[in-house]
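See structure below.
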Amino acid sequence: MALYDLYAQPPRMDRVMVMCLDGWIDAGNGAGGAMAALRATTDTELIASFDNDALIDNRARRPMVQITDGVLDGVTWPTIEVRAGVDKVGHGILLLTGPEPDMCWQEFCRDVLRLAADLSVTLTVGLGAFPTAVPHTRPIRLASTSSHRELADVIGFMPGTIEVPSGIHAVLEQAMADDDRRAMGVWARVPHYISNWPYPAASAAILDGLQRVSGIVVDTAELHAAAAVTQARVNSLIGNSEEHTTLLRQLEAQYDTEMGAELGTERAGERGGDRGAPGAGPLPDVLPSGDELAAELERFLRGETP
């Protein structure tokens, strides 16, 4: 028995499924902001929802109750939904949104795979953002995880092998790969000192990456405008502190060195050399954590975020 109810069967067409299930890492609300922009600019209809009681711990994610003049006026439950629509140029889209399941992950993945097969999904893309030591004055860099090497090469990836706790996105990507389906995650690298506040530059970069891998077109003009406002505010704060300016310059130097190393490696590959792992070690012996800057940014931005 499926964990979801299917309300409508959308027209048959190839579709890209975009997933953003909150509850795991989302620095600067990069993924959440990207999904919000995607939903706001795409005409979609609700076609399926998952069983809350089977998947959600409602003591951890409590429903919201509305009370008007002391009278109960309805309860809103956290819900995992699937919406279907098309983008501005006619590409088919499925949006998988809501809270990350608390339980029954493997059964949930099997049901998402079933929906993907029934609704002609040709690619699944998960959205994410993580904090790292990068400067806000440089372009957002993306990193990907993927089921197939050619997908990883479109966005780029972090070289080497790591073992980290997993969110449901990675589990779904692996399930897709095991079923020989194309799936990937598109992650934005967000400056660690601003990761607790909305960072629209990350959302815009994620949507630009989504377009590169899937062709899905989303209007990001508002996100880019909000990103410019955020950058100006952060510049204003950092410019008033010599210590913070020094931290920023170190982050910029590290970023530029890494980008130069990547460019040099690519050029070496074009000359016939091996394409090695990109990246270089940090310039300073110990890179400042940025915790003090992060705390001051929080005080500065509290109630003033765009």
- prompt: Using alpha carbon coordinates only, what is the Rg to Rh ratio of region 4-221, with Rh defined as the Kirkwood radius?
  reply: 0.97
statement: Expected vector for region 11-17, Karplus 3J(HN,Hα) from phi with 6.51, -1.76, 1.60 and θ = phi - 60°, integer Hz, x for Gly and Pro, equals x, 5, 6, 5, 9, 9, 9
field: region 67-111 - Rg over Rh from alpha carbon coordinates, Kirkwood radius
entry: 1.20
query: Between rounded, prolate and oblate, where does region 39-81 land on the alpha carbon gyration tensor, with a ≥ b ≥ c its root eigenvalues, rounded for a/c under 1.5, else prolate if a/b exceeds b/c?
result: oblate
message: With θ taken as phi - 60° and the coefficients 6.51, -1.76 and 1.60, list the Karplus ³J(HN,Hα) couplings across region 197-214 in order, rounded to whole Hz; mark glycine and proline as x.
response: 10, x, 10, x, 4, 5, 4, 5, 5, 4, 5, 5, x, 4, 5, 4, 8, 10
message: Could you tell me the relative contact order of region 67-140? Use alpha-carbon pairs under 8 Å, at least six residues apart, and round to a whole percent.
response: 18
statement: For region 134-223 the GluC sites (Glu not before Pro) that pass both the DSSP coil test and the at-most-15 other-Cβ-within-10 Å test are E163
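The numbers here are math on the coordinates, done by the rules we state, and not lab data. If you're wondering where the values come from, they're calculated on a predicted model, not measured in any experiment. Every residue, glycine as well, gets a Cβ built from its backbone with ideal geometry; the counts of neighbours run over all protein chains shown.
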